[in-house]
Amino acid sequence: MEIIMLMGWDKMVEKKIKKRKQQAIDTRQRIFDAAISLIFEKGFENVQIEDISHKAEISMGLFYRYFSKKEDIITEDLFNTYDNCYQEFYNEHLANIKGIEKLMAFVSHLAKLHETKIGKNMLRYHYTNIISRPNHGNKVICEDRFIYLLIGEAITEAQQSGELQRELDVSKVAREIVIILRGIIFEYLLYKDDDTYFDLVKNEQDMISTYLKGYS
C-alpha cells in the first residue's frame, strides 16, 4: 500500500513540475511576443521594460526573472523564434512539395516574416547586435540550423528531379543561398520605411531564381 501511495505521489510531483516548466515557457514566449510587437510599432530605442511587462501582463519583477535587460530578449530568443517559425511553416506548407517549388515558397515566407512580424526596427538591431558580438555571429552561420537543413533538402530534391545539376555540392549551395538572402535583407534595411522602394519578397525571389539558373 505504501509503495502504491509513493508511486502516486511521485506522479503527482512530476505532473506539477511539468506544469511549472510549461508555464515558464509560456511566460517567456509572452514576454518575447510583447517585445516584438512593441518594437515593431515603436522602434527598439522607444520601448521600455515597463512597456513590455505591461503588454505581457506580468510584473517587472517577473520580467527580470527571465531577462536581465531588454537586449537579452533579442540576443537569447530571436534565433529560436526564427527556427520555430521555419519548422512550423515547413510542417504546414512544405511537407508535400519538393525541389525548387519548396525553396521558392520558403524564400517568399521568409521575406514576409521579416516584413510583417519581425520588422525593420528589430532587424536593424538584430544585425547590429550580430556584428558587434562575434559569438552571436557564430550562431547565425551555424549550418546545423533548420534554415540550412531545409534549403539543403530542397536542393537535393531538385537534383533528384533533374531541376538542378546532380554534381552540385548541396552544403555549398545552401550556404550561398543563405548568404544571398542575408545580403538582400541588409540592402532592404538601407532603405527608409517606405517599402515601395524595395519589395523584399520580389527581390529575394528574383535573386534566388537568377542564382539557381546557373546550376540548372
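The values are calculated or read from the model by the stated rules, or taken from the named source; none is laboratory data. These numbers were taken from a predicted model, which means no experiment stands behind them. Cβ atoms come from the backbone with ideal geometry, glycine included; neighbour counts cover every protein chain shown.
What the table below lists for this structure:
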| quantity | calculated |
| --- | --- |
| Ile39 being under 19 Å from Lys117 (Cα atoms), touching a His at 6+ places or on another chain (Cβ under 9 Å) and at pLDDT below 85 | no |
| Checking Met12 against (1) in a loop (DSSP other than H, G, I, E, B); (2) modelled with pLDDT under 75, the condition it does not meet | (1) |
| Matching entry among His93, His54 (being surrounded by fewer than 17 Cβ atoms within 10 Å (Cβ to Cβ), out of contact with any Ser or Thr (no Cβ under 9 Å at 6 or more places or on another chain) and either closer than 24 Å to Ile185 by Cβ or β-branched (Val, Ile, Thr) (or both)) | His93 |
| Checklist (1) modelled with pLDDT of 90 or more; (2) of a type in the set (A, V, I, L, M); (3) farther than 16 Å from Tyr86 by Cα; (4) within 21 Å of the chain's Cα centre (by Cα) applied to Val178, failing item | (3) |
| Flag if Ile147 is free of Cβ contacts under 8 Å to residues at least 60 places away in the same chain and either aliphatic (A, V, I, L, M) or part of a loop (DSSP other than H, G, I, E, B) (or both) | no |
| Single residue of Ala105, Ala111 found to be closer than 21 Å to Leu168 by Cβ, in contact with a helix residue (DSSP H, G or I) (Cβ under 7 Å, 6 or more places away or on another chain) and of a type in the set (A, V, I, L, M) | Ala105 |
| Considering residues of the range 159-171 that are free of Cβ contacts under 8 Å to residues at least 60 places away in the same chain, in contact with a helix residue (DSSP H, G or I) (Cβ under 8 Å, 6 or more places away or on another chain) and within 10 Å of Tyr215 (Cβ to Cβ) only, the residue surrounded by the most Cβ atoms within 10 Å (Cβ to Cβ) | Gln159 |
| Among the candidates Lys55, Lys69, residue that is without any contact (Cβ under 8 Å) to a residue 60 or more places away in the chain and not in a helix (DSSP H, G or I) | Lys69 |
| Residue among Asn138, Asn121, Asn203 that alone is at pLDDT below 80, in a helix (DSSP H, G or I) and closer than 26 Å to Phe40 by Cβ | Asn121 |
| Test: residue in the range 103-117 that is surrounded by 13 or more Cβ atoms within 10 Å (Cβ to Cβ) and modelled with pLDDT under 80 | yes |
